[in-house]
Amino acid sequence: MSSMSSARMLSRSLAAATSRLSAARRIHSLARPQASGLPRSTDSTHHAVVSTFDLFSIGVGPSSSHTVGPMRAGKIFVQDLVDHKILDKVASIKADLYGSLALTGIGHGTPNATLMGLEGELPETVPTETIIPRVEAMHETHTITLNGTHRIRFNPDKDLTLHYYESLPQHPNGMRFTVFDANGDMLATNEYFSIGGGFVVNEKTQVAHGENVFFRNTESQAETSSHEVDERTQQDLVTAALPFRSGKDLIEMCERENLSIAEVVFLNELQWRSREEVIDSAYRIWGVMDDSIRRGCLSTDRQLPGPPQCPAPAQRNELTGVFKRRQRARRPVLPQLDYLSVYAIAVNEENAAGGRVVTAPTNGAAGVIPAVLKYHLEFLSEDPRGASISAAEMGCQGEVAAAAFAAVMGGTPRQVENAAEIGMEHNLGLTCDPVDGLVQIPCIERNALGAVKAVTAAQLALQGDGHHRVTLDQVIETMRQTGQDMMSKYKETSQGGLAVNVPVC
């Protein structure tokens, strides 16, 4: 099935969904915020709706919080220097990485990602094969080109500091950038926090003499900076078409409006972008997912970071042979679940090697959702040419591939919620303890287990009617509490668990 024909099928199905929703407008008004850009009521902004394309973004490996986030932070900082016409005055820069970003930063590629961001690169577009050579050139020349245009002196060994045993108070994944003029006087500084999934937040920048503005300069420029911050804030307050605050709210809305979860998500997406943009963006994300599976399976010269005796486990002829045959094997010799596992492993090898992957919703779990979707297309789809991976289907994935699989298998909203609950309930207390700070152990095999568990969770949910003892909301709250109670050494610091008990391979 071509992308164009799939898009036409999707458009027709969505048109039907829109028609059903029109009948329900007497209950929910779908009007956009008024011209002022503010929602009609403050309470309407307090919902759990997040754009699919914020959760699923194209980036690079090996970590969304330690690679994608720092690269975006570096780019934000240098872009603000440009916007405030201060970049040309910069003669030197200091970069400081704190807490977890320092403890596992080398293995996660954090310094390299940070430097790429400062040179103006973004995770979505940076040529991954150029990262290592460019960083090596910085070490040799002791220079960096801020935002790709302004070359200054910079020694990575001295000007980029890893603070292993110091964290910024707001978040363990903190970083600080500071720029100076030719006289050594500070021009501007800012702290950024990579909170997971590639998301970055920052505090107000503190400048010389303590002014609470972005840069030390005139009052008029301070007002401009404040206006820009307010404008960014307003963009985040767009009211969702169908807001919900919990899993319970979402299920009740679906049943009241006769909509699937996928249709609710799609209609909410239309608040941010057009129908065509949603469809095109979804296909682009699936394309990157599918390519990461293929590259991970077919690469013959793959060497993951770390000691040379650490192999790439997906490189097995018996598992990758199907990709090298022209005719697709509908009945493979090996069980289908072997393919599900190797799909997940392949993506996370690509991630570990610093390749292009989709943050779904993190890089550490980037193999689970692509593997489950590929498994559905290859072995369960009634169309042997492949089914449509639509924005609506992708929109219902959330954080658990089990929900997506239950949805594409025809599950009701309650069954989809049940699948997500099962998948999440049995991952409570999961440690993040990478050996040697690398994502190879335990992340790669963990994705294979995650994909298999997702399919199993969906199958269990589909056997019932969606009514169950433990709710998704209860599990989400339990996961939040469990995360708070866990010791920091099990939270991506390489200070506990497997990281201290498994010898470096």
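The values are calculated or read from the model by the stated rules, or taken from the named source; none is laboratory data. Being a predicted model, the structure only gives us computed values, none of them experimental. Quick reminder, even Gly has a Cβ in these numbers, built from the backbone with ideal geometry, and neighbours come from all protein chains shown. Calculation scope for accessible area: heavy atoms of the full protein, side chains included, ligands and nucleic acids excluded. Shrake-Rupley method; radii C 1.70, N 1.55, O 1.52, S 1.80 Å.
Taking only region 123-182 into account, find how many residues are touching a helix residue (DSSP H, G or I) at 6+ places or on another chain (Cβ under 6 Å), over 21 Å from I76 (Cα atoms) and not in a loop (DSSP other than H, G, I, E, B).
2
Just wondering, is there one or more residues in region 425-443 that are modelled with pLDDT of 90 or more, touching a helix residue (DSSP H, G or I) at 6+ places or on another chain (Cβ under 6 Å) and either buried (at least 24 other Cβ atoms within 10 Å of the Cβ) or not assigned by the TED database to the domain that holds I251 (or both)?
No; the residues of region 425-443 include none that is modelled with pLDDT of 90 or more, touching a helix residue (DSSP H, G or I) at 6+ places or on another chain (Cβ under 6 Å) and either buried (at least 24 other Cβ atoms within 10 Å of the Cβ) or not assigned by the TED database to the domain that holds I251 (or both).
Tell me which residues, restricted to region 472-488, are more than 20 Å from H426 (Cβ to Cβ) and in contact (Cβ under 8 Å) with a residue 24 or more places away in the chain.
Quick first cut of region 472-488, residues more than 20 Å from H426 (Cβ to Cβ) only: 487-488.
Matches in region 472-488: S488 only.
Within the set of pairs 6 or more residues apart or between chains, which connect a residue that is in the same structural domain as L146 (by the TED database) inside region 77-92 to a residue that is aromatic (F, W, Y) and open to solvent by less than 10 Å² (accessible area, probe 1.4 Å) with Cβ atoms less than 8 Å apart?
Partner pairs satisfying both residue conditions: F77/F177; F77/Y192; S92/F154.
Do the conditions hold for T149, that is, is it exposed (fewer than 13 other Cβ atoms within 10 Å of the Cβ) and out of contact with any Leu (no Cβ under 6 Å at 6 or more places or on another chain)?
Against the criterion (exposed (fewer than 13 other Cβ atoms within 10 Å of the Cβ) and out of contact with any Leu (no Cβ under 6 Å at 6 or more places or on another chain)), T149 qualifies.
Among (1) at pLDDT below 90; (2) open to solvent by 10 Å² or more (accessible area, probe 1.4 Å); (3) under 27 Å from L122 (Cβ atoms), where does D280 come up short?
Only one criterion is unmet by D280, namely (1).
Answer yes or no as to whether A420 is surrounded by 24 or more Cβ atoms within 10 Å (Cβ to Cβ) and touching a residue at least 60 places away in the same chain (Cβ under 8 Å).
Details: surrounded by 24 or more Cβ atoms within 10 Å (Cβ to Cβ): yes; touching a residue at least 60 places away in the same chain (Cβ under 8 Å): yes.
So A420 passes the test.
Specify the residue that is least open to solvent (accessible area, probe 1.4 Å); the eligible residues are those in region 119-139 that are hydroxyl-bearing (S, T, Y) and under 21 Å from the mean Cα position of the chain (by Cα).
Filtering first and then ranking leaves T128.
Consider T110 against the criteria (1) surrounded by fewer than 24 Cβ atoms within 10 Å (Cβ to Cβ); (2) in contact with a Ser or Thr (Cβ under 7 Å, 6 or more places away or on another chain); (3) under 29 Å from G287 (Cα atoms): it satisfies all of them except one. Which criterion is unmet?
Of (1) surrounded by fewer than 24 Cβ atoms within 10 Å (Cβ to Cβ); (2) in contact with a Ser or Thr (Cβ under 7 Å, 6 or more places away or on another chain); (3) under 29 Å from G287 (Cα atoms), only one is false for T110: (1).
Inside region 447-468, can you point out the residues that are surrounded by 16 or more Cβ atoms within 10 Å (Cβ to Cβ), without any contact (Cβ under 8 Å) to a residue 60 or more places away in the chain and assigned to a helix (DSSP H, G or I)?
K453, T456, A457, A458, L460, A461, L462
Of (1) β-branched (V, I, T); (2) out of contact with any strand residue (DSSP E or B) (no Cβ under 7 Å at 6 or more places or on another chain); (3) at pLDDT 95 or above, T178 satisfies all except one. Which?
Unmet for T178, out of (1) β-branched (V, I, T); (2) out of contact with any strand residue (DSSP E or B) (no Cβ under 7 Å at 6 or more places or on another chain); (3) at pLDDT 95 or above: (2).
Can you spot a residue in region 191-202 that is modelled with pLDDT of 50 or more, under 25 Å from A102 (Cα atoms) and acidic (D, E)?
Applying the first criterion (modelled with pLDDT of 50 or more) to region 191-202 yields 191-202.
Retained after the next criterion (residues that are under 25 Å from A102 (Cα atoms)): 191-202.
Subset that is acidic (D, E): 191.
Looking through region 191-202, at least one residue is modelled with pLDDT of 50 or more, under 25 Å from A102 (Cα atoms) and acidic (D, E).
Among the listed residues G105, G109, G117, which satisfies the condition of being at positive phi and in contact (Cβ under 8 Å) with a residue 12 or more places away in the chain?
G109
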